[in-house]
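The values are calculated or read from the model by the stated rules, or taken from the named source; none is laboratory data. All of these numbers come straight from a predicted model, not from anything done at the bench. When we count neighbours, we look across all protein chains shown, and the Cβ atoms used for this are built from the backbone with ideal geometry, even at glycine.
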């Protein structure tokens, strides 16, 4: 049995990704948010969990009005950044763990 | 016609319910198409011609061409979809947030409002709130 060490959450603001990409977190408008996530950044840098289960919502990225599952579990080996309308973000491909993901899906 | 809903009475809020989805489906799916570079290129070349390939209403096409952000929401648009047009135009969420305000607001005013916790609930609970408060007070 794995040991669950922490749950980390953030306010939901779709513009966060763009603000980070365009180096806007130093601007006064973004400072309250940036300061708010600093403790989480520090915690994760210090504790380095073996596995992260990332839960997020999909705003017209992989899913659209064509098909919207209420809940879905990603089980791929890799997750590429979506093109949400301005080209895929220049962020690393997320490394999945297909075997573990399937274990979760079937548990 | 659907039954009236209690949330119909919230001023300036367009709840993404079944009716709203039904009205906005083609508008939102046009927006969704902008997730693909070749579609963005086509839209860039000739916006009106590209919109013709979607079964949108004339009012929706006009709102898109005029970048009438608030009208797009009134016509069934959803911000997570219409925002793709904003990105296409190089606008930020704060830019369109200000433009979607029914009362004129600059981007700086919008940002300031958000930093202070967002739009005040006072006067924004019900469409007739201002009248009610006078009666109650």
### Task
Report yes if residue B:108 is more than 23 Å from residue A:62 (Cβ to Cβ), part of a helix (DSSP H, G or I) and without any contact (Cβ under 8 Å) to a residue 12 or more places away in the chain, otherwise no.
yes
### Message
Only one of A:8, A:37, A:55 is free of Cβ contacts under 8 Å to residues at least 12 places away in the same chain, within 16 Å of the chain's Cα centre (by Cα) and away from chain B (no Cβ under 14 Å). Can you tell me which?
### Response
A:55
### Task
Hand me the list of helices (runs of 4 or more DSSP H) wholly inside segment B:1-55 holding 3 or more residues that are exposed (fewer than 13 other Cβ atoms within 10 Å of the Cβ).
B:37-45, B:47-52
### Task
Would you check if there is a residue in segment A:66-74 being within 14 Å of chain B (Cβ to nearest Cβ), modelled with pLDDT under 95, assigned to a loop (DSSP other than H, G, I, E, B) and out of contact with any strand residue (DSSP E or B) (no Cβ under 6 Å at 6 or more places or on another chain)?
yes
#### Entry: Residue check for residue B:82: closer than 17 Å to residue A:18 by Cβ and either at pLDDT 95 or above or outside any helix (DSSP H, G or I) (or both)
yes
#### Entry: Scope segment B:60-70; condition surrounded by 14 or more Cβ atoms within 10 Å (Cβ to Cβ) and in contact (Cβ under 8 Å) with a residue 12 or more places away in the chain; matching residues
B:60, B:61, B:63, B:64, B:67, B:69, B:70
### Task
List the number of the failed condition for residue A:26; all other conditions in (1) within 14 Å of chain B (Cβ to nearest Cβ); (2) modelled with pLDDT of 90 or more hold.
(1)
### Message
Residues that are surrounded by 13 or more Cβ atoms within 10 Å (Cβ to Cβ), out of contact with any helix residue (DSSP H, G or I) (no Cβ under 6 Å at 6 or more places or on another chain) and at the interface with chain B (Cβ under 10 Å from one of its Cβ atoms): does segment A:40-52 have at least one?
### Response
no
### Task
Answer yes or no: is there a residue in segment B:74-95 that is away from chain A (no Cβ under 12 Å), in contact with a helix residue (DSSP H, G or I) (Cβ under 6 Å, 6 or more places away or on another chain), under 30 Å from residue A:32 (Cα atoms) and without any contact (Cβ under 8 Å) to a residue 24 or more places away in the chain.
no
